[in-house]
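Worksheet: one structure, shown below.
The values are calculated or read from the model by the stated rules, or taken from the named source; none is laboratory data. Bear in mind that the values here come from a model prediction, so they are computed numbers and not experimental data. Cβ coordinates were reconstructed from backbone atoms using ideal geometry, including for glycine residues, and neighbour counts include every protein chain displayed.
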Amino acid sequence: MRTLENSKEEGKISYQVVVKNDLSGTASPSNPVIRVAPVGQETVNTSKMAKEISAVCTLTPADVMAVLAALSDYLKKTLLSGNRLEVDNIGTFNISLACSWKDCSGKTHEHTTQDIISNGDKVRVNNIVFTPAPALKEEVVNNAVCISSGLYPYEAPTAEVIETKLTEWFITHFSITRKDAEWLFGCSRRYAHNLLTRLVSEGRLSAEGSRNTRYYKPVGGSFGG
């Protein structure tokens, strides 16, 4: 049986066929529109990237980390000056602007006339936009090898299954991470995140740690705690 653990191969993109609404965690048998989505993705952090870059050049991992830190600072300085930063063979970083205002209820509205946005305090940075270099995009698009993970289209677990699996999990584990939840329910990263976030909002789990080291613990008597 194919699982998340054995569905990936080095240098290849493993994918899973999903029902249209599976990405949000809700199966839709009555709507047979399908998509394909990467499966078993891992996040490569800066430390790992620095070690692997160091292995193919004369820089030490510390040197690479220092360059990346300096690049981050330079990028921020460039964007805050209203400029674009083009990095050869990688792409261009730019900003998009927006003008909006909030009413007494906190709802955001867009301005519709030019005169009311003559002051800079009405304008804000909406997002940082990244456009990949043509050569990089062409290289990835043309040379990617995609293989089926062999996993069946995902069906969201019932409330009973969630209750049972998490109760069993917390018998032997102090906490659970998003990656643990992916393995436990055989689901996508997005579904695992949405599930854990929902359980936090329901007061059944508490989120601990920072964004990159987040873990979740049962609250009160939830899941046998």
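What to note about this one:
- Considered as a group, the residues in segment 38-80 that are among the charged types (D, E, K, R) and surrounded by fewer than 14 Cβ atoms within 10 Å (Cβ to Cβ) include one that is farthest from the chain's Cα centre (by Cα), and that residue is LYS77.
- Single unsatisfied condition, VAL141 versus (1) of a type in the set (A, V, I, L, M, F, W, C); (2) over 27 Å from GLU9 (Cα atoms); (3) out of contact with any strand residue (DSSP E or B) (no Cβ under 8 Å at 6 or more places or on another chain): (2)
- Taken together, the criteria exclude PHE223 from residues that are hydrophobic (A, V, I, L, M, F, W, C), surrounded by 11 or more Cβ atoms within 10 Å (Cβ to Cβ), more than 19 Å from the chain's Cα centre (by Cα) and on the phi < 0 side of the Ramachandran plot.
Residue-wise test of (1) over 22 Å from LEU195 (Cβ atoms); (2) at pLDDT 60 or above; (3) assigned by TED's automatic domain parsing to the domain that holds VAL67.
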residue: TYR15; (1), (2), (3): no, yes, no
residue: PRO32; (1), (2), (3): yes, no, no
residue: VAL36; (1), (2), (3): no, yes, no
residue: ILE53; (1), (2), (3): yes, yes, yes
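- Every test in (1) at pLDDT below 80; (2) polar (S, T, N, Q); (3) closer than 23 Å to ASN212 by Cβ; (4) not in a loop (DSSP other than H, G, I, E, B) is passed by GLN41 save one, and that test is (4).
- Taking helices (runs of 4 or more DSSP H) as the structural unit, those lying wholly within segment 152-225 and holding at least 3 residues that are in contact with a Lys or Arg (Cβ under 8 Å, 6 or more places away or on another chain) correspond to 178-185, 189-201.
- Among residues of segment 161-210, those that are touching a residue at least 24 places away in the same chain (Cβ under 8 Å) and of a type outside the set (A, V, I, L, M, F, W, C), counted: 13
- Answer residue from segment 52-100, given it is in a helix (DSSP H, G or I) and either touching a residue at least 40 places away in the same chain (Cβ under 8 Å) or small (Gly, Ala, Ser) (or both) and is nearest to VAL125 (Cα to Cα) among those: LEU79
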